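A short worksheet on the structure shown next.
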Amino acid sequence: MDITRIHRAQAGLKATDARSEAEKEQARKRDKQTHRELKELSRRTENSKCADCDSSFPGWAALPHGVFLCIDCAQVHRRVGRHVSQVKAINTGTYLWFEDEVEVMRAVGNGNSKALLLSGNDDSTERTAIATAATPNSKADAKLRYVQKKYQQRAFAAPQPQQRQKKKEEEEEEEQQQQPQQRCDASSQSQKSKRQHTKAPSQLTRQKTPENFPDFLDAPPAMISAAFSVSTIAAQKPVVVKRKHQAQSQVQQQLYNAKAASVMSMYGAAPVHQRPTGASFFAEFGV
């Protein structure tokens, strides 16, 4: 298989509307000779069966693929579209063939096409779907999917050296692009972890626990015992507030209530009019 010749022949194909009148006149003069050569090419062993379904005596050809097809598969290629595949008959004088088109058929053929397009993934699943289709329409649809995968998507072809090199370069470029992002993510994660570690102690220092209630130095033992009991209960009771000044206000109020209750407990049996009142009296006990 001459890959260079195949690529050169396919690259040299002209569009249908790009033919000059001189080229058309030359093709008409060589029409019989051209069709005779095409028939001889189709009788070669590698071209004697349809490239897509193995039917014998293919009478059609598909460009730029350079393969020989039966009439049923040629209809399927027509459904794919001229931008993918152009079919022409080789056994009648209906279609005018040009020298560059014949050169493609000489260079490729079914054998070389099989080596190029079916050397990678297995196409047995698609062929089985075609063979087991229940109706003519479902069979035609299965053939259409197969032709699209084979010629348009090249799903069964092995990657060419240029394609492998290009893919490798793309993977390396993508990996290089990902490395700075990974380093940036790692740096961000490290900084976040440091912030968490440094922030934890400061948070703990802001969480102040209520101070213990001071003892009454000059108070009787019963008053000290009562104040100690109240202060112990207040210290054990959890105080959950949202703001620092709210917590301090509650603690101060509890302290005041405890001290006042302790002081007044000494006069619990006295009549109301004999109980001490006034800020100056409570100030003596630190209230």
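None of the figures in this text is laboratory data; all of them are computed from the coordinates on show. Here the structure is a predicted model, which is why all the values come from computation and not from measurement. Here Cβ is always computed from backbone atoms with ideal geometry, including for glycine, and neighbour counts include all displayed protein chains.
Taking the Cβ-Cβ separation of Asn121 and Asp141 as r and a Förster radius of 22 Å, what is the calculated FRET efficiency to the nearest 0.05? For R0 = 22 Å, the calculated efficiency reads 0.60.
The simple Förster model, with R0 at 41 Å and r as the Cβ-Cβ distance, assigns Gln191 and Gln246 a FRET efficiency of 0.75.
Ranking of Phe68, Phe98 by neighbouring Cβ atoms within 10 Å, starting from the fewest: Phe98, Phe68.
Between the alpha-carbon centres of the range 7-28 and the range 45-74 there is a gap of 22 Å. Put a dot 7 Å past the Cα of Ser55, heading toward its Cβ, do the same for Asn91, and the two dots end up 1.0 nm apart. The alpha-carbon of Lys149 sits under 13 angstrom from the alpha-carbons of these aspartates and glutamates, leaving out residues fewer than 8 places away in its chain: Asp52, Asp122, Asp123, Glu126, Asp141.
As a proxy for reagent exposure, ranking Ser55, Ser188, Ser42 by other Cβ atoms within 10 Å from fewest up yields Ser188, Ser55, Ser42. In terms of surrounding Cβ atoms within a 10 Å radius of their Cβ, Ser48, Ser124 rank from fewest to most as Ser124, Ser48.
Extending 7 Å from the Cα toward the beta-carbon at both Asp17 and Met1 defines two label points whose distance is 3.4 nm. If the chain linking Ser48 and Ala158 were pulled fully straight, counting 0.36 nm for each residue of separation and taking away their Cα-Cα distance, it would gain 37.2 nm. For the set Lys49/Lys114; Lys88/Lys139; Lys14/Lys49, the pairs lying more than 19 angstrom apart at their alpha carbons are Lys88/Lys139; Lys14/Lys49. Shape of the range 1-51 from the C-alpha gyration tensor: oblate (a/c of 1.5 or more and a/b not above b/c, with a ≥ b ≥ c the square roots of its eigenvalues).
The convex hull of the Cα atoms of the range 3-159, projected and averaged over all directions, covers 9.1 nm².
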